[in-house]
Structure formats: structure tokens, C-alpha cells
Amino acid sequence: MPVVSAFADTPVNMAGLYLHIPFCKSRCIYCGFYSTTALSLRQRYVDALCGEMALRRDSWRPIFTDGPDTIYFGGGTPSMLTMPQLQQLFEAVARHFYPDGQAITAREVTMECNPDDVSHEFVAQLCQLPVNRVSMGVQTFSDELLRFLGRRHTARQAVEAVSLLRQGGIANISIDLMYGLPGTSLDGFRHDIDQALAIAPDHLSAYCLSYEPSTPLHRMLDQGRVEEVDEELERAMYYELVDRLTANGYEHYEISNFARPGYRSLHNSSYWADVPYLGIGAAAHSYDQRSRQWNTDDMDCYIQAIASGHTCEESEQMDQDTRYNDRLTTALRTREGLSLDCLTTAQRHYCLCQAKKLIDGGLLINEADRLRLSRSGLFVSDMVISSLMLV
């Protein structure tokens, strides 16, 4: 089956492969993603990942005609796996999804790492793998805030990790920052931006701290031990980030993402362009342009199911309304916005009717039959997008 973007003027990308590695040495207080500190399960889990790839090989080969175009190891903390385990996974990827069963030819292969896992030895081993991009969760350059968040690294380790990766030959490095942390000021966040610019990553993702249910941070909020940052301060931090990074040559290509020219995240860009992706692992999601699937987030059930020769997943078929809502949610996050040409006549009419007030209010821009967020609309993007969705 040929891979076709739902957006008429979006460059066609090939499908991506995501592998979820849920292991962490310790859990951060804000993390709402599926993860575990049960490191003793690593080898059984890696074996299950390889087993799931074998089970999904035949159904995804028509989509992976020449193999996955992008591969992403996310988590959790993929750098918690041993090098033999990582090699085992790459061998399985090549065997099951590439035509000759040997060469991985993906344009982009990303691995998420914790800064404190990056050593000379780790980088030397990493460079023996097909990895050509590393994404690190720096979050902040304040050691005090890093301790509060439950991060394992220090600000100095984050800086040193970037240097070690570059010395080892990793030419594409992304870092994550967080803003809106309890007790922070605009000047404090400016310091984080200064430090980020000093190490000059090729890509930067920035997220406002959220208080996810069932996390230690959310319990602290309920108990009155922390207070959320005022929305106006969050807004000021966000626009400070946008202005500083764009002034320093970064392209603001998605609400939360900035890249030096030529360094957009190809894997994540495919998500926003309606390109299929296969998710392997517990809690991983997949999309084939007709349906969405998601694996169980129970690791024991996942491992047992794969060992029994079947997957443990749920799925939903995509109807026109669901696809419309998904296109809005993804495309409007990007700098290019949503091409109205990709919508049916009825969807286009509905969208433009709903958009009129937002355009008049300066939150949306309609240029050449393309809707995109204005500067004012960026910070309230969730509200803007939900206003256009079919309910």
C-alpha cells in the first residue's frame, strides 16, 4: 500500500517505527507516561519486542516498502538498555522490516537518553549502532529544580553530555526544556534559555509543566505543597522562548518544537503530516491511515501475550469525523498549518464557519486556503483547535 499524506501539499514521507522502552532507574515526580523501575525485566521485555516485530512483519511490509524511514527509541529511558540488548533490537528491526534483512537505511534514527547515562564508553558504543540523532531530557539548568523534579542528572552533566556526543560523532542533538515550574521566575527561565543557546543544540523541544493525575507532583498540588505558576507568567516564558530562539536562527516549526535549518524531527513531523507509524512495545500506539491501535500498558500481560504468539492490543476504525478531528489536532500544531484542500466540502464549510470568530479575534490566520495559528493563538492552541473540532 503506498503511503500518501493526507495533506495535499505536504511532502510524502515513508512510515515510521517507534519502540517504547519503559525502563527508568527512578521516576520523575511529573511523569505521566507508562514506565517502570523493574530493571530485572529488561531482557524479557526486549525478547518480547523482537517477538512483536515478528508478529507484525507481514501486515506492515506493504507499508514499509523499503523499510521504516524513521526509527525512534522512546521511553522511559532507552539508554537504560545494555548495548547487547540494543544490538538485538536493531538486528530484529533490520530482519523484519527491511528488504534485504540486513541494512537499516532509515534517514533518521533517534534514541532518547538521560544526560547522566552519556559517558565516553556509552558514546563509543552508541556510534556502533545506526543511531544518528539523540534526544535528551535536560528540562532545566537549575540543579535545585532538577532535584525537585526527581531528575538524576545535574546541569553540568547535561552540558558535558552534549559535548561528549558531538565529540563521538553524533551530529544531530535535541534537548527538552520545561517551563512553568513551581517557584520559578521569568529571569530564572531566561537563564535556562541562555544555557541552552550556549550549548547550541540542533533541535529543542519545550513543554509547560503539567500536573498529570496519579503523579507525585499532582499529589503535592492537592496537598498544597506546591502552587501552579500563574498563567500570565507561563505565557511570558513561552513567548520569551519563541523570541529568543527565533532571533538565534531556530525555526519555530511546531508549537513546542524549534530546529536549526535542516534539523526538524523527521519522525515527529510524520505524526503531524498523517503518515503511518508502527508502535512496538507496551503502551505503544500505531496508525495505518485506516485505524489506530494501542498495546496494553500492563507489561506482564504484554510479555505473556507475545510469548503466546499474539499481540495484546485494542483498536478503533477511523471514520471521516475522526480523521477530520485528527487532522486539525496535528496540522494546526505546525508552522504550515492545515490545508483546507485536504478536507471534504462539508468539512471545509464547517471548519471555516467555526474559524470565523477565531480569525476575527486574531487567533487564526487564513492565507491561500490554509489555516494556521497566529502568534496570539499559539499559547491558547488547545482552545483554538477544540473550537474547530466536530463533537
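Numerical summary
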| item | result |
| --- | --- |
| C-alpha center-to-center spacing [region 65-117, region 247-304] in angstrom | 14 |
| Region 339-391: proportion of alpha-carbon pairs further apart than 18 angstrom, % | 23 |
| Rounded to 5, percent antiparallel among DSSP beta bridges of the chain | 40 |
| Chain lengthening between residue 54 and residue 291 when straightened (0.36 nm per residue, less Cα-Cα) | 83.3 nm |
| Exposure proxy ranking, count of Cβ atoms within 10 Å, fewest first, for 324, 238 | 238, 324 |
| Sorted by Cβ neighbour density within 10 Å, fewest at the top, the residues 322, 329, 345, 110 | 345, 322, 329, 110 |
| Sum of -39500 (n - 2.57) over DSSP H runs of 4+, divided by residues of the chain (222 nm, nearest 500) | -12000 deg cm²/dmol |
| Cβ-based charge dipole, the chain, positive-most Cα from 193, 81, 377 | 81 |
| Residue 26-residue 200 FRET efficiency (beta carbon distance; Förster radius 30 Å; 0.05 resolution) | 0.55 |
| Contour excess over end-to-end distance, with Cα ends at residue 370 and residue 152 and 0.36 nm allotted per residue | 74.1 nm |
| Per-residue Cβ neighbour rank within 10 angstrom, fewest leading, 286, 26 | 26, 286 |
| Backbone N within region 253-273 under 20 Å of label point (7 Å from residue 354 Cα along the Cβ vector) | 255, 272-273 |
| Relative counts (whole %) of C-alpha pair distances in the chain, using bins that are 20 Å wide | 26, 60, 14 |
| Modelled FRET efficiency - R0 41 Å, residue 380 with residue 315, Cβ distances, 0.05 increments | 0.80 |
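Any read-out appearing in this document is the output of simple, stated calculations on the displayed coordinates, not a laboratory observation. For clarity, every value in this text was computed on a predicted model and none was experimentally measured. Note: ideal-geometry Cβ built from the backbone for every residue, glycine included; neighbour counts use all protein chains shown.
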